[in-house]
Amino acid sequence: MPILLLTAIGALLRFYAIGRQGFWYDESYTVYLVHHSPGTMLGLIPSTESTPPLYYCVAWVWARIFGFGPAGLKSLSALCGTLTIPVAYATARKMLGNRRSALIVGALTAFNPLLIWYSQEARAYEMLVLFSALTLLMFAYARERPRPPAVALWGLACALALLTHYYAAIVIVPEAAWLLYEHRHSRAVRLALGGLVLVTLALAPLALKQSGNVSNHWIAHASYLRRLRQIPALFLIGPETHLRTVLKFLAFAMVAVAVGLLIWRTRRRERQGALLPGGLALAGFLIAAIPGYSTFLGRNVLPLWLPAALLLAGGLGAARARLAGIGATATLCAIGVVGVVSVDTTHAFQRPNWQLVADTIGRWPPRHTAGADARIVVVQDNPGGMPLSLYLANLRYLKASSVARVSEIDIIAALPHKGLGGFCWWGSECNLVPSRLDRNYHIPGFQITLRTRVRDFGILILRARHPTTVTTAALPAAVADERLRRRRPNHDPAHDGQFVQQFPA
């Protein structure tokens with residue numbers, strides 16, 4: 001069957017070299033949480049995360065079967081992304097009513113670079129996409145015949161989606177409102193809605209507590225219009241790709257073709273089938289964009305991807321669309337392939353691989369060094385060191401004004417390249433602030449023993465002949481030459497990640 005082939009191709013795109021990218025900052029919290037016992041993990045979620053606990057509970061079990069490394073943990077999302085393909089096909093088959101449109105939806109899901117990106121991330125987003133797709137599928141069955149089994153399955157899918165991410169509400173609320181409008185006298189529908197209210201009330205204390213932590217506060221400080229403008233391109237061409245401008249406008253042109261076909265080349269039944277998910281997507285978008293503007297972000301509105309794809313497939317797969325629909329679909333899929341290949345072949349488009357950095361500076365303490373000696377690690381202009389701590393044992397933030405018995409100082413810089421340091425939040429290297437290693441750092445008692453580059457990181461290792469006390473004021477802005485100091489006039493050491501390794505801690 002074609003859908004089996006599409007699912008196999010989608011699985012290949014998601015699982016291929018899945019362990020090659022490292023964990024980025026957000027993913028490091030997932031790794032941190034699942035290393036704890038279940039009780040401790042659940043106790044940490046309110047202060048470290050902004051999402052409900054279901055994903056972490058599943059990931060806790062998954063990691064103990066498949067491992068805690070990038071391939072092991074990320075494969076859970078890859079499986080969710082792969083399963084989304086047949087679910088999307090079944091949903092389109094039910095809502096749009098024809099096999100051609102369903103195959104188009106399956107193909108768009110299999111090749112979409114944004115869905116593939118989050119299928120390779122150890123976070124809750126692809127599980128959210130899967131459960132949101134299941135809500136739409138069961139909504140289609142419950143709407144047609146609101147019998148208790150169908151409505152109960154819809155309610156279960158909605159509960160699982162809500163327990164995965166609060167933003168599942170942007171698909172659940174429009175679906176619930178439509179079911180209530182069409183079947184307001186159905187006891188099964190009322191019971192399902194009552195169950196969802198109970199799930200919401202149960203999650204409310206956790207959501208209120210999480211609103212007090214700072215994990216999502218940065219979103220509100222970013223330009224709302226910029227976040228809004230990012231959505232169409234992200235949904236079509238993904239976060240990173242070569243020929244971005246060309247592909248973006250080509251994808252927009254294919255969307256215009258789909259809309260044109262929907263308006264002028266569909267029959268009434270085909271048009272009605274596509275407009276319902278399109279209306280649900282619009283309603284969910286308005287919920288996300290207006291009341292939820294302070295947390296509005298592309299990854300949070302991923303549940304809307306499938307209903308939006310159903311709207312486009314209604315035009316692309318119409319009986320009278322003919323070659324225009326097939327050509328536009330093939331073009332969108334080809335754009336997706338370019339995006340995926342771009343990420344797979346370009347380090348700058350991938351998540352930073354801190355494992356390679358950790359391997360370069362080595363374990364601590366080395367065999368020739370006394371266990372009480374310390375090493376200071378400075379990540380220049382990038383204060384978040386959570387991913388690096390996954391690979392360096394006992395790495396902790398440097399809080400004291402000085403450290404005794406320091407025998408090594410390692411300075412790490414995310415070297416400048418195109419796209420680095422812009423407004424991006426999806427975890428690729430663009431998330432890092434560009435920085436340059438200075439030619440020399442005047443830190444009394446230390447000499448440079450290694451200067452190297454690992455992918456897009458510059459690494460400088462300084463060692464002392466004898467362990468010495470180092471003050472934080474000497475790190476690493478105190479360069480030896482005033483001319484070098486002028487090269488980075490805006491450098492503020494407070495923006496560095498300053499860490500220490502010392503045994504015992």
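Every number in this text was worked out from the coordinates using simple rules, so none of it is lab data. This one's a predicted model, so the numbers in the text were calculated from it and none came from an experiment. Please note: Cβ atoms are built from the backbone with ideal geometry, for glycine as well, and neighbour counts cover all protein chains shown.
Taking square-rooted eigenvalues a ≥ b ≥ c of the alpha carbon gyration tensor, is the stretch 1-147 rounded, prolate or oblate, where a/c under 1.5 means rounded and, failing that, a/b exceeding b/c means prolate? Cα axes put the stretch 1-147 in the oblate bin. Phi angles across the stretch 210-224 convert, under the Karplus curve 6.51 cos²θ - 1.76 cosθ + 1.60 with θ = phi - 60°, into 3J(HN,Hα) values of 5, 5, x, 7, 9, 4, 10, 5, 5, 4, 5, 7, 7, 4, 5 Hz, Gly and Pro given as x. Rounded if a/c is under 1.5, else prolate if a/b is larger than b/c, else oblate: which is the stretch 265-346, with a ≥ b ≥ c the root eigenvalues of its Cα gyration tensor? Because a/c hits 1.5 or more and a/b fails to exceed b/c, the stretch 265-346 counts as oblate. 3J(HN,Hα) couplings calculated from phi for the stretch 319-324 with the Karplus curve 6.51 cos²θ - 1.76 cosθ + 1.60 (θ = phi - 60°) are, in sequence order, 4, 9, 6, 6, 5, 4 Hz; Gly and Pro show x. Out of these labelled values of log10 I(q)/I(0) by the Debye sum over Cα atoms at q = 0.09, 0.10 Å⁻¹, (i) -0.61, -0.77; (ii) -0.68, -0.81; (iii) -0.82, -0.92, which was calculated from the coordinates shown here? Entry (ii).
Each part reduced to its alpha carbon centroid, the stretch 11-64 and the stretch 174-249 end up 20 Å apart. Taking a point 7 Å out from the Cα of Leu356 in the direction of its Cβ, none of the residues of the stretch 379-401 has a backbone N less than 14 Å from it.
Taking every alpha-carbon pair under 8 Å whose residues sit at least 6 apart, the chain reaches a relative contact order of 16 percent. Of the residues Ala233, Leu395, Phe423, the one whose Cα sits farthest towards the positive end of the charge dipole of the chain is Ala233 (charges of +1 on Lys and Arg Cβ, -1 on Asp and Glu Cβ, taken about the Cα centre). Each other residue within a Cβ distance under 12 Å of Thr84 adds +1 if Lys or Arg and -1 if Asp or Glu, for a net charge of 0. The Cα atoms of the stretch 176-264 give a gyration tensor whose axes a ≥ b ≥ c have a/c of 1.5 or more with a/b no greater than b/c, which makes the shape oblate. When you filter the trypsin sites (Lys or Arg not before Pro) in the stretch 249-290 for DSSP loop state and at most 14 other Cβ atoms inside 10 Å of their Cβ, you are left with Arg267. Net charge around Leu136, counting only other residues with Cβ within less than 15 Å of its Cβ (Lys, Arg = +1; Asp, Glu = -1)? Spelling it out: positives minus negatives among the neighbours equals +1. Taking Lys and Arg as +1 and Asp and Glu as -1, the other residues whose beta-carbon sits under 12 Å from that of Met386 total -1.
Amide H contacts of Val454: Ile459, each under 5 Å away and 5 or more positions distant or on a separate chain (H built 1.01 Å from N in the peptide plane; Pro and chain starts excluded).
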